[in-house]
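**Q** Sharing a structure with you now.
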Amino acid sequence: MQLVVARIGRAHGIKGEVTVEVRTDEPELRLGPGAVLTTDPAAVGPLTVETGRVHSGRLLLRFEGVKDRTAAEALRNTLLISDVDPGASPEDPEEFYDHQLVDLDVVLADGTGIGRITEITHLPSQDLFIVERPDGSEVMIPFVEEIVTSIDLDEQRAVIDPPPGLIDDSEAVVASSREDEEDAR
């Protein structure tokens, strides 16, 4: 199975380094020196990581054969793809690979269906499930313990306990109406 693990950003310096937008929870494993990554567009790669370091909170990589800023800048916006064993799981039982979560059914504790996870978005503060509702609309659900109460890979479902307004717009209207009434008092 192949997974997108990073996107190449702008060139950094003059010696061929690039900034990288990490899209994996295991950058040290997937983006470490010696890692061979396929690319999208395919004509660019494969690329082999020569060195990596963190600078001002950003991961910088240098690839074999990329020796100057011009060559590094030509890689901008290239997606880096890693081969992952589909049966592999992270060491921590409370962690999951994105490919394990995509296509899970999202349900409430009482079994009410909400939708299906179509994508995982990694933000600096938390990860989000992008969930496609049966009507085709999408809802974003923060992947935090208070909301996502369990992940059952055997049953292929994620159980959630959403706060008012996260799933149903009518709940948000009711909650905001209450706030408006309180403000008016």
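**Q** Can you tell which of Val18, Val4, Val49, Val36 is of a type outside the set (Ser, Thr, Tyr) and under 30 Å from Ile160 (Cα atoms)?
**A** Val4
Listed here are the residues, each with its yes/no results for (1) farther than 25 Å from Leu123 by Cα; (2) within 22 Å of the chain's Cα centre (by Cα); (3) assigned to a strand (DSSP E or B); (4) not assigned by TED's automatic domain parsing to the domain that holds Leu128.
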{"site": "Ala6", "(1), (2), (3), (4)": "no, yes, yes, yes"}
{"site": "Ile14", "(1), (2), (3), (4)": "yes, no, no, yes"}
{"site": "Thr19", "(1), (2), (3), (4)": "no, yes, yes, yes"}
{"site": "Leu29", "(1), (2), (3), (4)": "no, yes, no, yes"}
{"site": "Gly32", "(1), (2), (3), (4)": "no, yes, no, yes"}
{"site": "Lys67", "(1), (2), (3), (4)": "yes, no, no, yes"}
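**Q** Just checking, which of Leu101, Leu123, Leu61 is surrounded by fewer than 12 Cβ atoms within 10 Å (Cβ to Cβ), within 21 Å of Glu21 (Cβ to Cβ) and not hydroxyl-bearing (Ser, Thr, Tyr)?
**A** Leu123
**Q** Right, next: Do we have any residue at all in segment 53-63 that's among the basic types (Lys, Arg), in the same structural domain as Arg10 (by TED's automatic domain parsing), in a strand (DSSP E or B) and modelled with pLDDT under 90?
**A** For segment 53-63, residues among the basic types (Lys, Arg), in the same structural domain as Arg10 (by TED's automatic domain parsing), in a strand (DSSP E or B) and modelled with pLDDT under 90: present.
**Q** What's the number of the condition Pro93 fails, among (1) surrounded by 13 or more Cβ atoms within 10 Å (Cβ to Cβ); (2) out of contact with any Leu (no Cβ under 9 Å at 6 or more places or on another chain); (3) without any contact (Cβ under 8 Å) to a residue 60 or more places away in the chain?
**A** (1)
**Q** Specify the residue that is modelled with the lowest pLDDT; the eligible residues are those in segment 34-52 that are surrounded by fewer than 19 Cβ atoms within 10 Å (Cβ to Cβ), assigned to a strand (DSSP E or B) and not small (Gly, Ala, Ser).
**A** Per the criteria, the residue is Asp40.
**Q** Something else now. Report, ordered by the first and then the second residue, all pairs with beta carbons closer than 7 Å, sequence separation of six or more or different chains, a first member in segment 119-141 that is at pLDDT below 90, and a second member that is crowded, with 17+ Cβ neighbours inside 10 Å and of a type in the set (Gly, Ala, Ser).
**A** none
**Q** Related question: Of the residues in segment 11-33, how many are surrounded by 18 or more Cβ atoms within 10 Å (Cβ to Cβ) and without any contact (Cβ under 8 Å) to a residue 40 or more places away in the chain?
**A** The total comes to 1.
**Q** If you don't mind, there's one more thing I want to ask. Here's a check for you: in segment 126-148, which residue that is surrounded by fewer than 14 Cβ atoms within 10 Å (Cβ to Cβ) and outside any loop (DSSP other than H, G, I, E, B) is farthest from the chain's Cα centre (by Cα)? Step through it out loud before you land on a result.
**A** Here is the first cut: in segment 126-148, the ones surrounded by fewer than 14 Cβ atoms within 10 Å (Cβ to Cβ) are 126, 134-138, 140, 144-146.
Retained after the next criterion (residues that are outside any loop (DSSP other than H, G, I, E, B)): 138, 140.
Working: Glu138: 16, Met140: 12 Å.
Per the stated criteria, the residue is Glu138.
The values are calculated or read from the model by the stated rules, or taken from the named source; none is laboratory data. On a predicted model such as this, the values are computed, not experimentally measured, just so you know. Here the Cβ is made from the backbone with ideal geometry for all residues, glycine too, and neighbour counts use every protein chain on show.
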